[in-house]
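What follows is a short report on a single structure.
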Amino acid sequence: QVQLVESGGGLVQPGESLRLSCAASGFTFSRSPMSWYRQTPGKERELVATVYPRGSIYYADSLKGRFTISRDNAKNTVYLQMNSLKPEDTAVYYCNAQVAQLYYWGQGTQVTVSS
């Protein structure tokens, strides 16, 4: 079955960086668009970035320049490099895989940006 396991979240101070990882299994990773979403309490889950199988990338406008999504098809892993973190980046970050017409989610990893 499809499994997505996020890691790399934690508590950081404003201006610092974090790299999230999402290890995928149970499907042909190289053929699937992979995305990162985030969610804060009381708000809808929002798309952060998507990396497509051939390497094209989409970013939410508000996050361009600070966040970088990448994938390693040999390791079945997608990454989210987050730089210059701000308190408003505090959220649970979720990995998402599109497999055929279905979407799968990881359990999420908490990122807290606070001084």
- prompt: Hey, what's the chain come to in accessible area per residue, 1.4 Å probe, Å²?
  reply: 55
- prompt: Do any GluC sites (Glu not before Pro) in region 4-72 lie in a DSSP loop with no more than 13 other beta carbon atoms within 10 Å, and if so, which?
  reply: Glu16, Glu44
query: What percentage of the solvent-accessible surface of the chain, computed with a 1.4 Å probe over protein heavy atoms, is contributed by carbon and sulfur atoms?
result: 46
field: Proximal charge balance of Met82 [Cβ under 11 Å; K/R count +1, D/E count -1]
entry: +2
- line: Out of Gln81, Gln39, Gln101, a Gaussian network model of the chain with alpha-carbon springs under 10 Å gives the largest mean-square fluctuation to Gln101
- prompt: With contacts defined as alpha carbon pairs under 8 Å and 6 or more residues apart, what's the relative contact order of the chain in percent?
  reply: 36
- prompt: Considering the chain as a Gaussian network with a 10 Å cut-off on Cα pairs, which listed residue, Thr28, Thr90, Thr68, attains the greatest mean-square fluctuation?
  reply: Thr28
statement: Cross-link reach from Lys86 to aspartates and glutamates, straight Cα distance under 15 Å and at least 8 residues apart if same chain, gives Glu16
statement: Computed over region 1-51, the relative contact order (Cα-Cα under 8 Å, seq sep at least six) in percent reads 30
query: Over what distance in Å are the Cα centres of region 88-107 and region 25-75 separated?
result: 8
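Please report Rg over Rh for region 1-52, where both radii come from the alpha carbon positions and Rh follows the Kirkwood definition.
1.01
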statement: For the pair Trp105 and Arg31, the simple spin-label estimate (label points 7 Å beyond Cα toward Cβ) gives in nm 2.5
Total formal charge among the other residues, if their Cβ is under 12 angstrom from that of Glu6, Lys/Arg +1 and Asp/Glu -1: +2
message: Under 10 Å, Cα contacts only: if you run a Gaussian network model on the chain, which one of Ser62, Ser25, Ser70 comes out with the highest mean-square fluctuation?
response: Ser62
message: Multiplying the sequence separation of Glu46 and Ser115 by 0.36 nm and subtracting their Cα-Cα distance, what value in nm do you get?
response: 22.4 nm
- request: Working with all protein chains in place, sort Arg71, Arg45 by solvent-accessible area computed with a 1.4 Å probe, largest first.
  value: Arg45, Arg71
field: Square roots of 5 times each gyration tensor eigenvalue, C-alpha, the chain, largest first, Å
entry: 23, 14, 13
task: Show which aspartates and glutamates lie in cross-link reach of Lys75 when reach means a straight Cα distance below 20 angstrom and same-chain residues fewer than eight apart are skipped.
output: Glu6
- line: Each label sits 7 Å from Cα toward the beta-carbon; between Gln13 and Ala74 the label points are separated, in nm, by 3.7
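The values are calculated or read from the model by the stated rules, or taken from the named source; none is laboratory data. Remember, predicted model here, so these are calculated numbers, not experimental data. No Cβ is skipped: glycine too gets one built from the backbone with ideal geometry, and neighbour counts run over all protein chains shown. Heads up: the accessible areas ignore ligands, DNA and RNA and are worked out on the full protein's heavy atoms, side chains in. Shrake-Rupley method; radii C 1.70, N 1.55, O 1.52, S 1.80 Å.
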